[in-house]
1. Would you jot down the residues in the stretch A:45-61 that end up with at least 10 Å² less accessible area in the complete protein assembly than in the chain alone, with a 1.4 Å probe?
2. Can you tell me how the stretch B:60-159 classifies by the Cα gyration tensor, rounded, prolate or oblate, using a/c under 1.5 as the rounded cut?
3. Nearest 10 degrees is fine. How inclined is helix A:62-77 to the longest principal axis of chain A, computing both from alpha carbons?
4. Give me the Å³ per residue figure for the convex hull around the C-alpha atoms of the protein assembly as shown.
5. Just want the answer: with Cβ charges of +1 for Lys and Arg and -1 for Asp and Glu, which residue in A:Gly58, B:Pro88, B:Gly127 is farthest toward the dipole's positive end in the protein assembly as shown?
6. Using a/c under 1.5 as the rounded threshold, could you call the stretch B:30-110 rounded, prolate or oblate? The axes a ≥ b ≥ c are square roots of the C-alpha gyration tensor eigenvalues, and prolate needs a/b larger than b/c, oblate otherwise.
7. Once all Cα-Cα distances of the stretch B:5-141 are split into 10 Å bins that start at 0, what whole-number percent is in each one?
8. Given Cβ point charges of +1 (Lys, Arg) and -1 (Asp, Glu) and nothing else, what value in debye, to the nearest 20, does the dipole of chain B about its Cα centre take?
Number of protein chains: 2
Amino acid sequence: MTFVKSTDSAAGSYADQVNAYIERGVPRMFEMGIRVVELDEGSVVGMAPLASNDNHLGSMYAGTLFGLAEMLGGALARPIVDFAHFYPTVKQVTIDFKRPARSDIKGTARLDSETIRRVRAEAKADGRSEFEVVAELTDADGRMVATTHGTYQVRSIGR
Amino acid sequence: MTFVKSTDSAAGSYADQVNAYIERGVPRMFEMGIRVVELDEGSVVGMAPLASNDNHLGSMYAGTLFGLAEMLGGALARPIVDFAHFYPTVKQVTIDFKRPARSDIKGTARLDSETIRRVRAEAKADGRSEFEVVAELTDADGRMVATTHGTYQVRSIGR
């Protein structure tokens, strides 16, 4: 069993590190209020606020739901590779909207330990690796509002 | 051949109407700078600005590319049904990211006349109709940066 650690440096938890990365690297996402709230190896939880993201139907804008789910796949890369040397990128996402999102929304996603080992090994050997992530977005009552299936890569910076 | 009209009221062109609808109904999308620039029956062109939407790779944030493409399907509903009586909604979108988007991005999408006739008839008869939209996002040099395939609905307000 892999020892699950929430940080690998003095720079704060993985969640803090990824939120700082978003603020610096993708200011639009940060401005939308999309945040990591928990991040460990193989497991991530994120949030997006309804306030400032509501639409004409009184529910969360589809683009914010997409942004929350899309972020989770990149965040899952952080405990696997150092973002000082690798960056996450997204190749494809399918999002299914299940019901109106009438509260703040929580997003969750996981990676199994076999995928984590493969991505870490390929990134070290080849400078890049690809992985797939299923994410679930739920409302304050625990109802599923959207699901996504995404394909992500980590790539060595400078290649 | 259908007579293609750019407006059906004194409230300005379809493009102006949908931009006003976005500003009022989905303020987050409006703030992202996502706009309709041309809208006629069966054809829409939109834009999103790189400035204020750039990411850690010097290219446009994936969420803004999604937002631009997703909007096009809803906009295409406007020349078919009156947004005073129907609203557009999205059920599913798949987005494929092809290359970094290093300029302002143009989005285009079309609906064929058979689909337009069907949606208009179903909306009138049933209060709702579903349709599929393929959108293409291109950079300032005309290179494809992303494509989407989305499933949308128009629904009667109040049902």
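1. A:Ser52, A:Asn53, A:Asp54, A:Asn55, A:His56, A:Leu57, A:Tyr61
2. prolate
3. Computed tilt is about 20 degrees.
4. Taking only Cα atoms, the protein assembly as shown has a hull volume of 133 Å³ per residue.
5. Farthest towards the positive end: B:Gly127.
6. It is prolate, given that a/c is not under 1.5 and a/b is the larger ratio.
7. 12, 43, 33, 11, 1
8. In total the dipole reaches around 300 debye.
The values are calculated or read from the model by the stated rules, or taken from the named source; none is laboratory data. Owing to the predicted nature of the structure, the values given are computational and were not obtained by experimental measurement. FYI the Cβ positions are ideal-geometry reconstructions off the backbone, even for glycines, and counts take in every protein chain you see. Note: areas computed on protein heavy atoms with side chains; ligands, DNA, RNA excluded. Shrake-Rupley method; radii C 1.70, N 1.55, O 1.52, S 1.80 Å.
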